[in-house]
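Input: a single structure, listed below in structure tokens.
Read-outs: derived from the displayed coordinates by stated rules, not from any lab. None of the values given here were measured: they were computed from a predicted structure. Cβ placement follows ideal geometry from the backbone for every residue including glycine, while neighbour counts extend to all protein chains displayed.
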Amino acid sequence: MMPWRSGRAIAIACLAALCAACQPSLQSDLPTGAAAAAAIAVPEPVPMQARTYFLQPGDVVSVDVYREAELSRERVQVDEAGNLALPLIDEVTAEGRSPAELAILIENAYGARYLRDPQVTVSVVETAARTVAVEGSVAKPGVYEIPPGASLLTAMALAGSPSDTAALDEVLVFRRIDGRRAGARFDLTDIRAGRADDPALRPGDIVVVGHDNLRSGLQEVLRAAPLFNIFYLF
């Protein structure tokens, strides 16, 4: 074999090994066989009325304050900040709370200054679109409507999965909790392998998939120079 051909073969092998090293490995510890079937056995379905709904901006609710018609509202919308405006007590934080939790919050607010033992009922009249935004290193960034029970892997599937240059250990989820912005970081490889829980998403969440600079550099090299063509330094 001619020396230049040998050198090119070695370079190709090195680049291939480097590319392979960039790819995450699941190496899952999940059960197999009968144990796997038992692990994902489907429980009895939960009746719709038993599932907890958490309020989000854009939802419309009714607020009934027992024997207080002036304080009750047939329709009131959760604003963009996640708050609900009511007489006397101004604003209460509704986002991320169930109707029952919101009712208790309103009872406490009225009971602290205005009413003795108030009884409040909150009902959902109209729900806003349940959407999450996915951006960063994914095939199809955008805003997607999610079904009840959607998780981070659901969002990844809707967005066409992470791109080849995604940093799978830098998947960020941002959401508003009690009117404040919060965020968390997840490792998608661990979630896919079952080593970490697949976090549930809430409407309004923003998912950002990080960018792997090393893998991006390799992809640029491969796009600029076919495998059997000139190798570029990077």
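Residue ranges 148-156, 181-189 sort as 148-156, 181-189 when ordered by packing (mean number of other C-beta atoms within 10 Å per residue, highest first). Modelled this way, with points 7 Å down the Cα-to-C-beta line, the labels at residue 169 and residue 151 are 2.2 nm from one another.
In nm, what is the difference between 0.36 nm times the number of residues separating residue 184 and residue 139 and their Cα-Cα distance? Provide the component values of the computation, followed by the final result.
Values: separation 45, 0.36 × 45 = 16.20 nm, distance 2.18 nm.
Taking 0.36 nm per residue and subtracting the Cα distance, the gain is 14.0 nm.
Segment residue 195..residue 108, full-extension length gain: 27.2 nm, with 0.36 nm per residue of separation and the alpha-carbon distance subtracted.
As a ratio to 2.2 N^0.38 Å, the alpha-carbon radius of gyration for region 67-148 is 1.42.
Along its first, second and third principal axes, ordered by size, region 125-193 spans 43, 23, 21 Å in Cα coordinates.
Under a 5 Å amide H cut-off, with hydrogens placed 1.01 Å from N, residue 72 pairs with 65 among residues at least 5 apart or on other chains. Charge tally around residue 123: other residues with Cβ under 14 Å, Lys/Arg +1 each, Asp/Glu -1 each, net -2.
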